Amino acid sequence: MSTDASSHSIAVIAGDGIGQEVVPAAIECLERIASIHGLNLEFTHFDWGSDYYLRHGRMMPKDGIDQLARHDAVFLGAVGSPEVPDTESLWGLLIPIRREFQQYINLRPVKTLDGVASPLASDKRIDILIVRENNEGEYSEVGGRMYRGLPHESAVQETIFTRLGVSRAARYAASLAASRTGRLTSATKSNGIVHTMPFWDEVVEETVAEYPGVTVTHELVDALAAHLVLKPWTLDVIVASNLFGDILSDLGSSVTGSIGLAPSANLNPEGHFPSLFEPVHGSAPDIAGKNLANPVGQIWSGAMMLEHLGHAEAAAHLQAAFNSALRDGHGTRDIGGTSSTTEFTAAVLTAINALAPVPA
């Protein structure tokens, strides 16, 4: 890892499908931002993903985690291919990285962007931060299958909540809420899931009590999904389990215009391990290689990476640039525009130059 505060080593995994297109686009923007703000971003590219799996029988090499650990951050495009089972692609790359590096927070902004039409009739602006517990919950490895191929074949999947896991997610969310409006919403389903969700509610309540300026509302996840569609502008910070956070954030990004816009950060908040930054969208094999992909989610994830690395001004500059490009009508097809991936990226690069701070 780098010791110079302005120099950072970034591991890049473009991965599959449109990741091969949006990652280079985002890196081009990051390099332009770095040159303006006096940063040195060193990108090391790894060809891991589904193609690697088809050649080697695994998504990354056996020492892949050790290789990534030498870097300050990981910049990921997309994972998934029709030729590789999802259980192999996800559990062979992304989930091991999240867990080995204790990236227990998955932060997903849901925000109205200028120039992007929402499917909602209201023009009220949406600005939500979804804090998803990222290491346990419904996505545990505990379980198995029995009697394969027989009429009584069965499968068991266990949900695992720990006091440590729930409290640290709640603490991170409460800290965010304290810096904003003080309103925190916790996604639950304690009326139907009788053990784990009441435990979630209790730990969240106890943890948030440590933050006098924060109030928490526990909302059943089905009602909260409706809330995200009917009145999303009334929500501020949401804390949710692994599964609930995954679903709610995808819904939220659709409400703001397109899942192609949505960024995310897989964070190890203490900085003991590298954090990983990726768009929420998948590999989209139906449009891969056609220069149609929306790079905003990847570029915005890059801005989140800059902020995490301590460069808030550079991050704000990059966000302002892609916002400017969207506001000027340079949207891709998924948000009703006509720009290709490369055309939109060129518009962002132009905006980066135009919005560059004037030297003192």
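Residues that are assigned to a strand (DSSP E or B) and more than 30 Å from T217 (Cβ to Cβ) do occur in the stretch 329-337. Any residue in the stretch 42-57 that is in contact with a His (Cβ under 9 Å, 6 or more places away or on another chain), β-branched (V, I, T) and open to solvent by 40 Å² or more (accessible area, probe 1.4 Å)? Yes, that holds for at least one residue. In the stretch 1-116, counting only helices (runs of 4 or more DSSP H) that sit wholly within it, the ones holding 1 or more residues that are in contact (Cβ under 8 Å) with a residue 60 or more places away in the chain and β-branched (V, I, T) span 19-37, 95-100.
Residues in the stretch 1-27 that are under 18 Å from F344 (Cβ atoms) and either polar (S, T, N, Q) or surrounded by fewer than 17 Cβ atoms within 10 Å (Cβ to Cβ) (or both): Q20 alone. The residue that is farthest from the chain's Cα centre (by Cα), counting only those in the stretch 134-154 that are small (G, A, S) and part of a loop (DSSP other than H, G, I, E, B), is G149. Filtered by the rule that a residue be free of Cβ contacts under 8 Å to residues at least 12 places away in the same chain and open to solvent by less than 50 Å² (accessible area, probe 1.4 Å), the stretch 319-345 gives G337, S339. Taking (1) modelled with pLDDT of 90 or more; (2) open to solvent by 30 Å² or more (accessible area, probe 1.4 Å); (3) out of contact with any helix residue (DSSP H, G or I) (no Cβ under 7 Å at 6 or more places or on another chain) in turn, R98 satisfies each apart from (2). Pairs meeting the criteria (first residue in the stretch 127-153 and without any contact (Cβ under 8 Å) to a residue 12 or more places away in the chain, second residue open to solvent by less than 70 Å² (accessible area, probe 1.4 Å) and not charged (D, E, K, R), beta carbons under 6 Å, at least 6 apart or on different chains) are M146/S154. Only one entry in A174, A170 is more than 23 Å from R99 (Cβ to Cβ), crowded, with 17+ Cβ neighbours inside 10 Å and touching a residue at least 12 places away in the same chain (Cβ under 8 Å), namely A174. Contact map, the stretch 181-205: first residue touching a residue at least 40 places away in the same chain (Cβ under 8 Å) and over 21 Å from T234 (Cβ atoms), second residue assigned to a helix (DSSP H, G or I) and open to solvent by 60 Å² or more (accessible area, probe 1.4 Å), Cβ cut-off under 7 Å, separation 6 or more or different chains; pairs are V203/R163.
The values are calculated or read from the model by the stated rules, or taken from the named source; none is laboratory data. Predicted model, so just to flag it, every value in this text is computed and none were measured. When we count neighbours, we look across all protein chains shown, and the Cβ atoms used for this are built from the backbone with ideal geometry, even at glycine. Side chains are part of the model used for accessible areas, which takes the heavy atoms of the whole protein and leaves out ligands, DNA and RNA. Shrake-Rupley method; radii C 1.70, N 1.55, O 1.52, S 1.80 Å.
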